[in-house]
1. Which residues, counting only those in segment 52-69, are in contact with a strand residue (DSSP E or B) (Cβ under 7 Å, 6 or more places away or on another chain) and farther than 20 Å from residue 29 by Cα?
2. Any residue in segment 50-65 that's in contact (Cβ under 8 Å) with a residue 60 or more places away in the chain and on the phi > 0 side of the Ramachandran plot: show its pairings with residues that are outside any loop (DSSP other than H, G, I, E, B) and surrounded by 13 or more Cβ atoms within 10 Å (Cβ to Cβ) at Cβ separation under 7 Å, as long as the two are six or more apart or on different chains.
3. For segment 1-49, which residues satisfy the criterion of being over 18 Å from residue 66 (Cβ atoms), out of contact with any strand residue (DSSP E or B) (no Cβ under 8 Å at 6 or more places or on another chain) and surrounded by 10 or more Cβ atoms within 10 Å (Cβ to Cβ)?
4. Suppose we filter 33, 49 for residues that are under 10 Å from residue 10 (Cβ atoms) and within 9 Å of the chain's Cα centre (by Cα); which single one remains?
5. Give the number of residues within segment 50-67 that are in a loop (DSSP other than H, G, I, E, B) and either at pLDDT 90 or above or surrounded by 14 or more Cβ atoms within 10 Å (Cβ to Cβ) (or both).
6. Among the residues of segment 9-31, what is the count of those that are at pLDDT below 90 and part of a strand (DSSP E or B)?
């Protein structure tokens, strides 16, 4: 939720990929996830799962990717 705004997180966009570092930001009623390093193969319709930056064993939430750049 809103308490994650601006927080460093780890994200996964595919089940077999390791989590990558990112920053989570609310923009109006949507979340923007900015990856620290570029990642290929991200596309609308995929899931994006957010994990605690310090321990990736704690899931914080997730959603569906609507746009990738």
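The values are calculated or read from the model by the stated rules, or taken from the named source; none is laboratory data. All values derive from a computational prediction rather than experimental measurement. When we count neighbours, we look across all protein chains shown, and the Cβ atoms used for this are built from the backbone with ideal geometry, even at glycine.
1. 52, 53, 56, 58, 59
2. Cβ pairs passing all conditions: 61/50.
3. Of everything in segment 1-49, just one residue is over 18 Å from residue 66 (Cβ atoms), out of contact with any strand residue (DSSP E or B) (no Cβ under 8 Å at 6 or more places or on another chain) and surrounded by 10 or more Cβ atoms within 10 Å (Cβ to Cβ), namely 17.
4. 49
5. 6
6. Adding up the residues that qualify gives 6.
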